[in-house]
Amino acid sequence: MTDQWPRALLRAALREDGYDAVGTRAIAGAVRLAGPDPDRGQVRLVVLAREVLTGADRHDLDQLRAATDAPIVLLAPAGRPVEAGPWAQVIRRPVSIGALVSAVETLLPLPPDARRPVD
């Protein structure tokens with residue numbers, strides 16, 4: 001399974017629960033998505049799946065922090081140390097899509113009237 005499928009499944013599961021979830025492959029893409037968009041609200045949570053943060057990624061992470069103060073959940077590989085960062089929560093792999101949705105619901109609960117599919 002390519003790395004795009006877990007992201008697509010997570011996005012679909014979040015949208016089914018009422019979250020306006022979008023996805024990107026790189027932190028630089030998240031920076032662009034965090035900017036103002038008249039068709040959607042502000043970014044309120046970032047889920048970042050990274051195996052290793054390189055120097056270039058650190059620069060992009062700094063830009064993301066400048067673009068939004070939304071909490072960041074880091075999806076980290078099992079058994080590897082996690083570098084210090086602005087993580088609201090660190091979730092270790094392996095993890096199910098359902099567990100990731102539950103973590104998002106805990107950090108960013110929706111009011112009952114917003115819990116409906118987005119599409």
### Query
If we scan segment 45-58, do we find a residue that is small (G, A, S), modelled with pLDDT of 90 or more and not in a loop (DSSP other than H, G, I, E, B)?
no
### Query
Looking at this structure, is D39 of a type in the set (D, E), out of contact with any Gly (no Cβ under 6 Å at 6 or more places or on another chain) and part of a loop (DSSP other than H, G, I, E, B)?
yes
### Message
Return the residues of segment 1-36 that are part of a loop (DSSP other than H, G, I, E, B), within 24 Å of Q63 (Cα to Cα) and of a type in the set (S, T, N, Q); say none if nothing qualifies.
### Response
T24
### Message
Given (1) in a loop (DSSP other than H, G, I, E, B); (2) loosely packed, with under 12 Cβ neighbours inside 10 Å, identify the lone condition not met by A99.
### Response
(1)
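Just to check your reading of the model, which residue among P81, P86, P71 is surrounded by fewer than 14 Cβ atoms within 10 Å (Cβ to Cβ) and not small (G, A, S)?
Working: P86 fails: surrounded by fewer than 14 Cβ atoms within 10 Å (Cβ to Cβ); P71 fails: surrounded by fewer than 14 Cβ atoms within 10 Å (Cβ to Cβ).
The unique qualifying residue is P81.
The values are calculated or read from the model by the stated rules, or taken from the named source; none is laboratory data. Remember, it's a predicted structure, so these values are computed and weren't measured experimentally. Glycine also receives a Cβ, built like all others from the backbone with ideal geometry; neighbour counts cover every protein chain displayed.
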